[in-house]
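The values are calculated or read from the model by the stated rules, or taken from the named source; none is laboratory data. Since this is a predicted model, take the numbers as computed values, not measurements. Counting neighbours? That spans all protein chains shown, and the Cβs are built from the backbone with ideal geometry, glycine included. Quick note on the areas: whole protein, heavy atoms, side chains included, nothing else; ligands and nucleic acids left out. Shrake-Rupley method; radii C 1.70, N 1.55, O 1.52, S 1.80 Å.
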Amino acid sequence: MSDEFLDGVRDILGGQLLRKRDDVRAESLLVQDLDVDSLGLIELTFAIEEKFGVEFPDLKTSAELLLLPLPDGLQRIEAMPGATTLFEFMQREVARALGAADADAETRDRVFRTATVADVARAAGGAVPAALAAETPVSELRLADLFRLITVDVVARYVAFLRAPRP
Amino acid sequence: MSAFGRRRVVVTGLGVVSPLGQDAARMFDALCRGESGVRPIRRFDTTHCRSKIGGTVEDLDAAALVPDRAGQLMLRLADWVQTMAFCATELAVRDAGVAPGAVARERLGVYFGAGRGGAEVSEALLALVAEAAEEWPKLREGDADALYSRLAGSVFGALNRIRPTSYLQQCPTFVSGFLSIRHGAGGPMLTNVNLCSAGAQAIGEAAWVIARDDADVMLAGGADSMLNAAELTAFSNLDAVSARNEEGPEACKPFDLRRDGCVVGEGAAALVLEEREHALRRGARIWAELLGYGASSDAHKPTAPPEDGRGAVLAMERALGHAGLDAADVGHVNAHGTGTPANDVVETAAIKQVLGAHARRIPVVSTKSMTGHLIAGAGALEAAIAVLCLAEGRVPPTRNLRVPDPRCDLDYAADGPRALPDLRAVMSNSFAIGGSNACLVLGRPRA
């Protein structure tokens, strides 16, 4: 489904990080495996916009927001106007992996709150990052921890999502 | 006793990225042979530029010089000026034999002179605006205001496509910033943008950081390139640049009656400045001692020095005073010597005022006719040249001086290089547009 996007994102990251394409895999964690920092993330979104002709919505976060417990932070982001952010997309992917893809927002939120780090990692297609424990419930994470769980594949899926026609 | 009191400051490393290459000793040899790094500019289309020649850096292989991935990731973010500074400092640190981590973070600092930088941004912007302007013929409907508004919309739309990292490239601070990150320099960091005096001032002020015990080692220098269409054209319009494009390496004629301006150069030079005891303890090679530094401002006109050269005089007097030297101790002056009608006559008078009769007994040389004027990099490159003069006991000639100007009546070594085996102290002048003046006094290492 997202091969075109996965290849494209891998190419971008390989060039940006001066890494061989084989070292940038679908399951690579952006922060832990690839050393993507905040500037790198900005560069990545910029390059994706250019390459795929999509508009990458701002993460709508602030330093204060990033320190909030993860579910509360996400709720605040959802309440803000604007398109679906990468964080919101990850929440959907977790809900989807746990069988709540078509559920209403309230159910999705409940499912997400009861998920663990391992569930999020599985949904993102990556390993559990060393900085987090697999069994930690999502409700004990802070919004900023979500950065650690972002994989190359999730970014590619997100690009596919942004490119898909909206009803 | 030097200006810097008990904490004497010595030079233990040199690195240059110059129009005459990146090997400091070879560059110095070339200068002594009177060779020039001035050539036709090939990097961009000069059709509409008044100036078409420059002291260009054409052979820098940054990837070979900085082969490690961490360095390359940083160079990916760096623009041309930042890249040259990065490479010159890499060479200087290697020359000094300072291993990574050998100096405690808080005892290592970075002071650099830097040009505006970000030429790639301004050129990308010009291209984007041109692209937006192409939309103009398609905008036929509406009145003039509506047309203007739509065109402006296209231009601002284009602005949004400028890469986020471009912001870093147009900030002069990142000349020092990248160096600080690269070398783990957690001590004081400063970027000086005082145009032609910036590099010399960065070195002089860095010495004071060591003197006041805020660092043991400072990476200090300057880097600049105005060799891009926008800056070169604007600078040429100030009438500071020679119009003799067809003369190429002969165009800039310091102290010559026919002089009509400088030729713009580009490059970077870095010195490793070190507290003397610190250098002795680690058995470092000591190139020279930085004896004194003086600074002043003309407080006069934006682009012209006062006829009495009082700013230049004050900078030189302070540098000599801080160094505790008499005029007779100075064996050579590396002049600012831009080859502009105003500078060379005012500088000559100022040198005579400071050194008196002794001014006529020593070679006063401008190396700018061979390197081009590196603007914010000039003072640093010339400080490196002064260090090499002391180390090798010889000074390069002033190239292209053939018709003496009666008002420029010193010995400019127009006839060729001079052997000065007993050379003990060199004065290096840098006087900037905007009025800032700096003078460094460097001496042969002594007990």
task: Using a 10 Å cut-off on Cβ atoms, rank the peptides B:84-96, A:145-157 from the highest mean neighbour count down.
output: B:84-96, A:145-157
message: Using a Cα-Cα cut-off of under 22 Å, which lysines could be cross-linked to residue B:368, ignoring same-chain neighbours fewer than 8 residues away?
response: B:52, B:253, B:352
message: Would chain B count as rounded, prolate or oblate if I go by the C-alpha gyration tensor, calling it rounded below 1.5 in a/c and otherwise prolate when a/b exceeds b/c, oblate otherwise?
response: oblate
query: Cα atoms only, segment A:124-167: Rg and Dmax in Å?
result: 13.1, 40
- line: In whole percent, the fraction of accessible protein surface over chain B that belongs to carbon or sulfur atoms, probe radius 1.4 Å, stands at 54
query: When chain B is treated as a GNM, springs tying every alpha-carbon pair under 10 Å, which of B:372, B:34, B:222 comes out with the largest mean-square fluctuation?
result: B:34
message: To check my understanding: the extent here is largest minus smallest coordinate of the Cα atoms along each principal axis. What are those three numbers for segment B:1-121, in Å, largest first?
response: 54, 37, 25
- prompt: Of the residues B:274, B:120, B:134, which exhibits the maximal mean-square fluctuation in a Gaussian network model of chain B defined by a 10 Å Cα contact cut-off?
  reply: B:134
task: Using a 10 angstrom cutoff on alpha carbons, build the Gaussian network for chain A and name the most mobile of A:125, A:14, A:99.
output: A:99
field: Hypothetical label at residue B:361: residues of segment B:310-338 whose amide nitrogen lies under 16 Å (7 Å Cα-Cβ projection)
entry: B:325-333
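Hey, what did chain B get for relative contact order, percent, Cα under 8 Å, at least 6 apart? Write out the running numbers ahead of the final one.
Working: 1160 pairs, mean separation 110.0, N = 447.
Contact order relative to length: 25 percent.
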message: So for segment A:25-67, considering every pair of alpha-carbon atoms, how many percent are separated by more than 15 Å?
response: 57
statement: Percent of all Cα-Cα pairs per 20 Å bin for the protein assembly as shown, counting from 0 up to the last occupied bin, reads 19, 41, 27, 12, 1
query: Taking a point 7 angstrom from the Cα of residue B:246 along the C-beta vector, which residues in segment B:366-403 have backbone N less than 15 Å away?
result: none
- prompt: What FRET efficiency comes out for the pair residue A:21/residue B:233, r = Cβ-Cβ distance, R0 = 60 Å, nearest 0.05?
  reply: 0.90
- request: Work through the residues other than residue B:256 whose Cβ is under 9 Å from its Cβ and net out their charges, Lys, Arg +1 and Asp, Glu -1.
  value: +2
message: Can you bin every Cα-Cα distance in segment A:42-120 into 10 Å intervals starting at zero and give me the percent of pairs per bin, rounded to whole numbers?
response: 17, 44, 32, 7
field: Under 18 Å from residue B:301, Cα to Cα: aspartates and glutamates that are on another chain or at least 8 residues apart
entry: B:239, B:344, B:347
query: Which shape class applies to segment B:403-447: rounded if a/c is under 1.5, otherwise prolate when a/b exceeds b/c and oblate if not, where a ≥ b ≥ c are the square roots of the Cα gyration tensor eigenvalues?
result: oblate
message: Buried accessible area between A and B (1.4 Å probe, both chains summed, ligands and nucleic acids excluded), in Å² to the nearest 100?
response: 1000
- prompt: Considering the Cα trace of segment B:164-277, what is its radius of gyration and what is Dmax, both in angstroms?
  reply: 17.6, 52
query: Which distance in Å, rounded to a whole number, links the C-alpha centroids of segment A:152-167 and segment B:36-75?
result: 41
If the convex hull is drawn through the Cα atoms of segment B:296-412, its volume per residue in Å³: 111
- prompt: Cα centroid distance between segment B:219-234 and segment B:380-446, in Å?
  reply: 22
query: Can you give the helix-only mean residue ellipticity at 222 nm for chain B, where every DSSP H stretch with n ≥ 4 adds -39500 (n - 2.57) and the sum goes over all residues, rounded to the nearest 500 deg cm²/dmol?
result: -11000 deg cm²/dmol
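Normalising by the residue count of segment B:55-185, find the relative contact order in percent from Cα pairs under 8 Å and 6+ residues apart.
The value is 40 percent.
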message: To test your reading of the geometry: what angle, between 0 and 90 degrees and rounded to tens, separates the Cα axis of helix A:105-114 from the longest principal axis of chain A?
response: 90
- request: For segment A:55-167, just say rounded, prolate or oblate: build the C-alpha gyration tensor, square-root its eigenvalues into a ≥ b ≥ c, call rounded for a/c under 1.5, and beyond that prolate if a/b exceeds b/c, oblate if not.
  value: rounded
